[in-house]
1. In segment 110-122, what residues are exposed (fewer than 15 other Cβ atoms within 10 Å of the Cβ) and part of a loop (DSSP other than H, G, I, E, B)?
2. Which condition number does E151 fail, the rest of (1) modelled with pLDDT of 85 or more; (2) over 21 Å from Y246 (Cα atoms); (3) more than 28 Å from the chain's Cα centre (by Cα); (4) surrounded by fewer than 14 Cβ atoms within 10 Å (Cβ to Cβ) being met?
3. Could you tell me which of the residues S250, S242, S283 is surrounded by fewer than 21 Cβ atoms within 10 Å (Cβ to Cβ) and at pLDDT 75 or above?
4. Hey, can you tell me all the residues within segment 200-222 that are within 24 Å of N249 (Cβ to Cβ) and either outside any strand (DSSP E or B) or touching a Leu at 6+ places or on another chain (Cβ under 6 Å) (or both)?
Amino acid sequence: MSFAPFLSSAADLINEWVDVRRLKMLPLALISCLSLVSSCLAGECYYVKKVIDGDTIELVDGTKIRYIGIDTPETVHPSRPVEFMGKEASDFNKNLVEGKCVRLEYDVQRTDKSGRTLAYVFLDSIFVNAELVKLGYAQTLTVPPDVQYEETFLKLQREAREDQRGLWSETKAQEWSALATVPASKYYVTDSGKKYHKGGCKYLARSAIEISKEEAEAKGFSPCALCFPSYVSLSTGKESHSRTYYITNSGTKYHAAGCRYLAKSAIAISLKDAQARGYGPCSVCIGSSSYSSPSPGKSNYSSTGRCQAITKKGSQCKRNARPGSRYCWQHGG
C-alpha cells in the first residue's frame, strides 16, 4: 500500500493551517499578546506594569522610569495636593502605555537623585515624552546634561501654549481655580503645627483646634498645601490681585499658600502691595513668568524672567534670562 497520497494530503492540510491568511481567524487579543511577548523576549522593548503619574512609569521588573525633559502636574506627591491637569496627564499616560511594550532611549545621565531610570519613551511610532508636551499635559523641564530633545520639547510647548491646550487652557484653569478656592466654613490648627487646615485634612488626625482664618493668619499660621491648592495661570503668567499671598520675615519673594518657604513665617499680603514693596515672585510656588515691579530698582527680579534650567545640584538657576529667552547665558537659549 502506498502512503504517498496520504502524505501529500497531510502536507496540504498542514500548509493550509500555517497559511498567514488563516491567522486572521485567531482572536485579535491573542495575536496582540503573542506579538507583545515576542518583542519583549527579543529585547526590543520593555513591558509597562503600571503608570505612577503623568511622567513616571514602572516596568514589570520593578524599575521606575522617569521621563526625561518634561514635567507633569503632581498627583501622588506625599505633601502636595493634586495639581491642575495632574489627573488628566496621569490618565492619558496610563491609557497610552500601561500594559504595553515601550522602547527606551537614554541620554547622558541614567538615573536621578531618587534612583529612577531616566529615559525617553517610545510606543511604536509615538514619542511619549513629546506627545505629553504636544497635547498640553506636560511642561518642558530641561536638566543638563540631558538636552538631546530640548529644542523639540520647546517647540511643541510653544505650539501647545499658542493653541491653549491642556495646561495652557485659560478656561480650564479658571474652572479649576474656582473649585480649588471655595471657602471653607471652618478652619483648624493643630497642637504643634504651623499651618491652618480645612475640615477633613489628614493632618488633623491627632488634634484639631477650631480657629478663624483671620486669627490664624494674624498668629502667623500659613495655609496647608493639601487643603489649599494654589493656582497660577500658565498661559498668561498672571495672578488675581484679589488673592492673598505671603512674605517671610527675611525673604525678598512673595509666595502662594502652601509654599515650602513659608514653614518658619508667613505674613499675608496682597499682590499689589508685595510688588510695590519690591518683592519678586517665588520661583517654586509661582514660577518664573515675566513679572515687573511697580517700583524700579527695588526688585532683584528681572522683568525678562529667570533662567528655567536646573543646576547640577538640583536647584533652579538664579541667573536672569535675556529678553526673549527662557535660559541664561550659561545654559544657552
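The values are calculated or read from the model by the stated rules, or taken from the named source; none is laboratory data. Since the model is a prediction, treat every value here as computed from it, not as a measurement. Note: ideal-geometry Cβ built from the backbone for every residue, glycine included; neighbour counts use all protein chains shown.
1. R110, K113, S114, G115
2. Here E151 meets the rest and fails (3).
3. S250
4. Y203, S212, K213, E214, E215, A216, E217, A218, K219, G220, F221, S222
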